[in-house]
Structure formats: C-alpha cells, structure tokens
Amino acid sequence: MVTDRISTACLLVVLSQVYKPGLVFLSLLALDIASHWLQMYSTFLMGKASHKDVKDSSNWLFRLYYGNRMFMAYCCVSCEVLYLILFYLSENHTEKLTDVLATNLQKISILSFLIATSLVGCTIKQLTNVIQLKTAADACVLYDIDKKHKQ
C-alpha cells in the first residue's frame with residue numbers, strides 16, 4: 001500500500017507540473033491520502049480487523065468497491081492507466097487537461113478507448129474516495145461523541 005501511494009503521488013506531482021490546472025492532480029493526491037488515512041484511523045478506533053470491512057456502510061457504491069475485488073481492481077488500475085496515458089500524451093508544460101482529453105477522446109483508436117474506460121473507472125474511484133472520507137469522518141465523530149457520553 002505504501003509503495004502504491006508513493007508511486008501514485010510522484011506521478012500526480014509530475015502531472016501537476018505538466019498540465020494546467022495542476023491543482024486538479026494535487027487535489028486528487030490530497031483526497032487519496034486523506035481518505036485512506038482517515039479510513040485506516042476510523043477502522044482502528046472501531047476495532048475492526050481491516051479497513052476494507054465496510055459491510056455496515058449504508059452507501060452501495062462504497063460496499064461494492066470494497067466488496068468486489070474485481071471492481072476495485074478495475075477502478076484502481078483505471079486511475080493508474082489514465083495517469084500514465086496523460087504522462088505519455090504530455091508535450092509541453094502549458095497544455096490544458098481538458099483540451100488533451102477532448103482531443104484524444106474524439107479520435108477512434110485504442111488509445112481513446114483506453115482513455116474513456118480508464119476515465120470512468122478513475123471517476124468511480126474518486127467518488128469512492130469522497131464517500132470514504134465522509135464515512136470515516138462520520139465514524140470518528142460518532143466515536144468521539146460516544147466516548148464523551150461515557151465519561
């Protein structure tokens with residue numbers, strides 16, 4: 001998990017320097033780190049064995065993501081593939097991300113198919129990260145409230 005986070009972080013930092021607006025990639029990096037850290041922390045507080053134990057979550061997408069390994073693999077690999085394709089497509093330091101995506105999605109090629117399918121999976125992963133962040137933050141708040149009431 002650490003190697004995965006470090007390699008993704010490095011790639012996102014590089015992409016933030018290649019594409020405009022670079023803040024998009026840095027925001028994705030912050031979301032990824034914050035949501036996973038908070039998920040691990042809330043898991044620790046609740047005494048669960050794994051941060052992937054989300055059976056009690058009310059969100060269907062969150063349960064699907066962690067409950068189906070193939071779906072989670074698709075989303076994770078999609079993000080990495082999209083980031084690598086964007087790195088491959090980068091030509092100069094002033095390109096707009098939306099222009100590069102739009103131009104390449106309009107072409108009929110294997111690359112445009114890869115961009116489209118990885119964009120879907122990556123978007124789902126980012127939505128799951130937002131859900132994970134909120135769910136974990138809620139769990140931490142509930143833990144604190146429960147702890148305060150017990151005192």
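The values are calculated or read from the model by the stated rules, or taken from the named source; none is laboratory data. If you're wondering where the values come from, they're calculated on a predicted model, not measured in any experiment. When we count neighbours, we look across all protein chains shown, and the Cβ atoms used for this are built from the backbone with ideal geometry, even at glycine. These area figures cover heavy atoms from the full protein model, side chains too; ligands, DNA and RNA do not enter into them. Shrake-Rupley method; radii C 1.70, N 1.55, O 1.52, S 1.80 Å.
When region 46-96 is filtered for residues that are farther than 16 Å from Lys125 by Cβ and aromatic (Phe, Trp, Tyr), the ones remaining, listed by number, are Phe87, Tyr88.
With respect to Ala102, is the statement that it is open to solvent by 20 Å² or more (accessible area, probe 1.4 Å) and at pLDDT 95 or above true? Show your work before the answer.
Details: open to solvent by 20 Å² or more (accessible area, probe 1.4 Å): yes; at pLDDT 95 or above: no.
Answer is no for this residue.
When each of Lys134, Lys52 is tested for being exposed (fewer than 15 other Cβ atoms within 10 Å of the Cβ), touching a residue at least 12 places away in the same chain (Cβ under 8 Å) and not aliphatic (A, V, I, L, M), the lone residue that passes is Lys52.
Out of all the residues in region 110-118, is one or more crowded, with 17+ Cβ neighbours inside 10 Å, modelled with pLDDT of 90 or more and either small (Gly, Ala, Ser) or within 15 Å of the chain's Cα centre (by Cα) (or both)? Quick ask: steps written out before the conclusion?
Of the residues in region 110-118, the ones crowded, with 17+ Cβ neighbours inside 10 Å are 115, 118.
Of the ones still in play, those that are also modelled with pLDDT of 90 or more are 115, 118.
Right, trim to either small (Gly, Ala, Ser) or within 15 Å of the chain's Cα centre (by Cα) (or both) and you get 118.
Yes, that holds for at least one residue.
Filtering region 1-21 to residues that are of a type outside the set (A, V, I, L, M), closer than 20 Å to Thr94 by Cβ and surrounded by fewer than 17 Cβ atoms within 10 Å (Cβ to Cβ) leaves Gln17, Lys20, Pro21.
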